[in-house]
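The values are calculated or read from the model by the stated rules, or taken from the named source; none is laboratory data. Model, not experiment: these values are computed from the prediction. When we count neighbours, we look across all protein chains shown, and the Cβ atoms used for this are built from the backbone with ideal geometry, even at glycine. All accessible areas refer to the heavy atoms of the entire protein, side chains included, with ligands and DNA or RNA removed. Shrake-Rupley method; radii C 1.70, N 1.55, O 1.52, S 1.80 Å.
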Amino acid sequence: MNAWLACASVLLVAGLFPVVWGVATGSLGRRVVAQNCGTSVVCLVMLLLAQGYDRPAYTDLALVLAVLGPVGTLVYARLLADELGESPPKAQLPTVLAAAATVPVVIAWCVAAGPGRAAVKLVVVGVLLVAGNVISSRTLSGAYVEPSEAARRD
């Protein structure tokens, strides 16, 4: 077992335990936030496993998760807008934690991979993951108002 696999194991246990707890117990808003956080954790674990097992295909899986994870959260937010609108969940802390975990993983992976196409792909995955989490967090917390609702409020 190398350091990459050890970090993936620690992140998997330390990251998915709160996610499973949040999904299994708690309000609807907490479950959606936990689902979004779980996507980030699994994406970072895939990046660490890609380097640990020397399998670049895992990086492609992380890229797909970085794109589709926040999209899934936005779909949940749209479908559950009425229930989430009554008491919007607080998603700032999980977003900050996901971004704080993403940056060192991507930087360490880029240093190990060296300059090239792989490093560019890793930076894209990191940017997509952080941006997707920020957008999902803002949507879940009610900061985003649909244009039709904004017109009705005026």
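Data table
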quantity: Helical contribution to [θ] at 222 nm, DSSP H n ≥ 4, -39,500 (n - 2.57), averaged over the chain, rounded to 500; calculated: -28500 deg cm²/dmol
quantity: Cα-based convex hull volume of region 85-144 per residue, rounded to whole Å³; calculated: 54 Å³
quantity: Accessible surface, per residue, of region 1-124 when the full set of protein chains is kept, probe 1.4 Å, Å²; calculated: 57 Å²
quantity: Residues listed by number, region 11-29, amide nitrogen under 19 Å from Arg55 label point at 7 Å toward C-beta; calculated: 11-13
quantity: Neighbourhood charge, 10 Å Cβ-Cβ cut-off, centred on Pro89 and excluding it, Lys, Arg +1 and Asp, Glu -1; calculated: +3
quantity: C-alpha long axis of helix 3-24 to longest principal axis of the chain, angle in °; calculated: 20 degrees
quantity: Angle between the chain longest axis and helix 92-113 axis [Cα atoms, degrees, rounded to 10]; calculated: 20 degrees
quantity: Solvent-accessible area, 1.4 Å probe, carbon plus sulfur percent, for the chain; calculated: 69 percent
quantity: Reported label for calculated Rg and Dmax of the Cα atoms in Å given [x] 16.1, 52; [y] 15.0, 47; [z] 16.6, 60; calculated: [z]
quantity: Alpha-carbon centroid distance for the pair region 38-116 / region 3-35, whole angstrom; calculated: 12 Å
quantity: Helix 57-79 vs. the chain, principal-axis angle (Cα, 0 to 90°, nearest 10); calculated: 10 degrees
